[in-house]
Each structure stands twice: as structure tokens, then as C-alpha cells.
1. Working out 0.36 nm times the residue gap between residue 91 and residue 145, then minus their Cα-Cα distance, what length gain in nm do you get to one decimal?
2. Let a ≥ b ≥ c be the square roots of the eigenvalues of the Cα gyration tensor of the range 71-183; is it rounded (a/c under 1.5), or, if not, prolate (a/b larger than b/c) or oblate?
3. What's the extension gain from residue 47 to residue 114 if we count 0.36 nm per residue and subtract their Cα-Cα distance?
4. So what are the ³J(HN,Hα) numbers for the range 51-64, from phi and the Karplus equation (6.51, -1.76, 1.60; θ = phi - 60°), rounded to whole Hz, Gly and Pro as x?
5. What per residue convex hull volume, in Å³, do the alpha-carbon atoms of the range 1-140 yield?
6. Can you list the aspartates and glutamates whose alpha carbon sits under 20 Å from that of residue 58, skipping same-chain ones fewer than 8 residues off?
7. Can you give the FRET efficiency for residue 69 and residue 18, using 1/(1 + (r/R0)^6), R0 = 45 Å, r = Cβ-Cβ distance, to the nearest 0.05?
8. Please label the shape of the chain as rounded, prolate or oblate, based on the square roots a ≥ b ≥ c of the eigenvalues of the alpha-carbon gyration tensor (a/c under 1.5 means rounded; beyond that, a/b larger than b/c means prolate, else oblate).
Amino acid sequence: MLQSGVAPGSGQGAFRRFLGSLWKDRQLVLLCLPLIAYYVIFHYWPMYGVVIAFKNFKPLQGILGSKWVGLHYFRQVLQTPTLGRLVRNTFTIGIFSLLWGFPAPVLFALCLNELRLPKLKKAAQTISYLPYFISVVVVVGILRNFVSPTTGIINTLYTQLTGNPPISFMVETSWFRTLYIGSGVWQSFGWNSIIYLAALSGVDMELYESARIDGCNRLQQIWHITLPGITSTIIILLILNMGGIMSVGFEKIILMYSPSTYEVADVISTYTYRRGIVDANFSFGAAVGLLNSLVNITFVTVANAMAKKFSEVSLW
């Protein structure tokens, strides 16, 4: 018998069931509120500011008071003389960071999963996590000390072993990307392996026992049991990482590059920093950032479509 005249399938009834679910799980909801508030305040609400890409933004006039100029700044971006170099450098650094940085935590997680000594496994995990908590400034400082032509340990070993003069790694264009990508992999592979270790913990141990009974060695078990068990996690994270190919951060680039390496080091984010922040051309910087975001969304969409076509795993 219906009560209060509310039909089971009505919107009001669904809303009451929703409120009931919230009250039932109120402790979990309270636990999630700080995280929800963080994303709303610092990620979603600031998205309103993207509108300045379509305006001649003046800080004293505010977003609403600034003059609307339409696609003026987008045309300026597309007419930038160095746009080709910026896109090429950004894509090159982004794609090689993905090619080298994405498999590293997967391989490390597989190696840790094969360790049978708990103390050694915990020690290896702890040591691998530590670089992630070092600031970018300190990492670049360590890198400069290691490759210094006068006191760096790398050049010291190189000159003693080969007899050749030291290499100025930080000012040679041929070494910039190697140093940037290599230091990034070293800093993040341990931390990024956590999610793969969590996925590996969900693999059924009885499968390994059955494989051993059938005569499979360790490599065969990894190939036929371990990797298939975390394939869905790998695909999802690969799709998400595809969305960051064109989002090379400017902080580390600025700390590492010099006028001699601009040709291979200058990327979209550093150019946006110079034009948008240093030159106070906020609308131009917003236009560059918006175009960059659209390219990243395209990468994610294409990667998701390919994953859906060749596997049963996708984001949507």
C-alpha cells in the first residue's frame, strides 16, 4: 500500500531513498567530505576562470568586468612563431616519459611480488618510496652535483675510465631529455608501484599452486597468472597517463634548462609561464592552457576507444 501518495518510481521517492542511503553510510560520507571539498574548491570551482581565455582580462576589472574578445588569444597562440618547436618538445618529452616511466613501476612491482623475504621486501619498498618525497628543487640540485664537469661523480668516473675530457651534461642538448626523464623515473617509480602491488594482492594464490603442480616455472607463472591478473589495472592507468602526455610541468624544466638547451627544453608550460605569468598576459596563458587541455582530452578519448576495441577494459 502506498504511503503519503508517493509512487515507488517517482523522483521524490528516489530522493528519499538516496537520503536514506546517505544516512545509513553517514560515517563513510563524513570520511569522504574533506576529499570532496578539496576537489570542489581547488579543482572544479577554479575552472570558471577558464573564461578569461575569451576576454581581455584585467585584474582590476575582474573576470566579469573584462572585455569579451572571443577567439582573439587562440588565434595569437596558433600564430606563435615557435609553436611548432614547443609542441614538438612537449610531445617528445611526454611520450618518452610515458614509454620509460610507465613500465618501470610495473616491473618493480613484479620483482617485489617475487621476493620471499618479508624484511627485504619491506626495505626495498621503503627505499624506493623515499625519492618521491624529495622536492623537485632538491632532485635537480642532486642531479647537478652528480653530473658536474668539475666535481660530479659521473664525470669523475667517465674521465678516469675513458681518459676523455668531462662532459657538460646540463648544457648539452643531447643530454637534456635523458637527464629529465631518467631523474623523473627514479623519483616516481617506487611510489607508482603501490597501486600495482595492491592489484597483485588480489590475485588468487590457488592459481599459483595449480601452476606449480602443472610444472610451470616462475617466469611462466608471471606471464600466465600475474600479468593477466593486473592487466585491467595497467590498461586503466595507461589511459589516464595518456592524458598527461602534453602536460609536461614547467617547474623542473625551468630549474634544469639554460639558453643553450632551449631548442630541446622549451615546452608549452614554460612558454605559458613566461607569457602568462612573467609578462602578466593572463588571457593568453589561459588560452594556451585550454588548448593544451583539449589535446590531452583527445589523447584520453582515443586511448579509451582503442582499449575498448582491443580489450574489455575502458574508462567509459
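1. Values: separation 54, 0.36 × 54 = 19.44 nm, distance 2.82 nm.
So the chain would gain 16.6 nm between residue 91 and residue 145.
2. oblate
3. 19.7 nm
4. Couplings: 4, 5, 5, 9, 10, 8, 5, 10, x, 5, 8, x, 5, 6 Hz.
5. Value for the range 1-140: 331 Å³ per residue.
6. 279
7. So, using R0 = 45 Å, E works out to roughly 0.55.
8. Details: a/c = 2.16, a/b = 1.06, b/c = 2.03.
Cα axes put the chain in the oblate bin.
Any read-out appearing in this document is the output of simple, stated calculations on the displayed coordinates, not a laboratory observation. A quick note: this is a predicted structure, and the numbers were derived from the prediction, not measured. Using ideal geometry, Cβ is built from the backbone for each residue, glycine included, and neighbour counts are taken over all protein chains shown.
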